[in-house]
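Since every read-out is calculated from the coordinates, none of them should be taken as a lab result. Here the structure is a predicted model, which is why all the values come from computation and not from measurement. Note that each Cβ is placed from the backbone with ideal geometry, even for glycine, and that neighbours are counted across all protein chains shown.
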Amino acid sequence: MRYVICFLFLFLPVVAAAEITHVGANNPADEGWYLSKGVTGYAGTDCWIIETSGYGQWQPQVAPSAADFAGDWFLIADVRWLAGPKAESRATILDGYHGKSTAFTWDETNAYYYQAGVGDTPIPGVDPTIRHSYRVDYDATAATMTISVDGESKAVLESYQQNDIGAGSYLLYWGDNNSGPYSKMEWYGVGFNAVPAAIPEPTAFALLAIAACGLVAYAWRRSR
């Protein structure tokens, strides 16, 4: 029977825990974030609202390190724009391990992603006044960043580098990082995860369950 148990453990899904997340109306200060600039914001029905005429930026209480960026990683921002010009509110990541970075930002007409040397590029087919989940995946092997919205790939950024980031710069922040005019955003969730693990498909689980039942039956017959 011990062989059956070992066999089953080999196929249990392994999900990498997020390095740090913000979820819903929770105060980010209670989730491992600290206010690096400006005001805290306040809890909405199911989101954290940042409404400012200046800064309101959150960063991890435990700063990202080289180990967090050594392999693949992804950043997610689940948000809705309410007011403010482009670049007032951002979700930004700096990966000094690979010399890469990107950011999402919003205004009344578009959502954007950032590229060094290019600036902010509008993401087609996205209404920023509606809640969306924005995500960037970094593939360390291919050295690419894939930009997606609500699970749909929008762009693949290949082998570009951030001009003003050097080795040893590791940064993750979200909120209003400008001292400019009034802005307001609903943040339903933010997450950073290093090297996310694959999760088997439901059909794979079904096949594994059948195989496991066969092994259990075989072990039971041998023990009689």
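Some notes on this structure:
- Charge tally for D107 (other residues, Cβ to Cβ under 14 Å; Lys, Arg +1; Asp, Glu -1): -1.
- Inter-probe distance in nm under a simple model that places probes 7 Å from Cα toward Cβ, at A142 and T129: 3.5
- Here the spin labels are modelled as points 7 Å beyond Cα on the Cα-Cβ line, and at Y182 and Y42 they lie 1.4 nm apart.
- In summary, the convex hull built on the alpha carbon positions of segment 17-196 has an orientation-averaged projected area of 9.2 nm².
- Loop-located GluC sites (Glu not before Pro) in segment 43-115, at most 15 other Cβ atoms within 10 Å (DSSP): E108
- Only one residue of S65, G32, P85 has its Cα farthest out toward the positive end of the dipole of segment 17-196, where Lys and Arg carry +1 and Asp and Glu -1 on Cβ, and that residue is P85.
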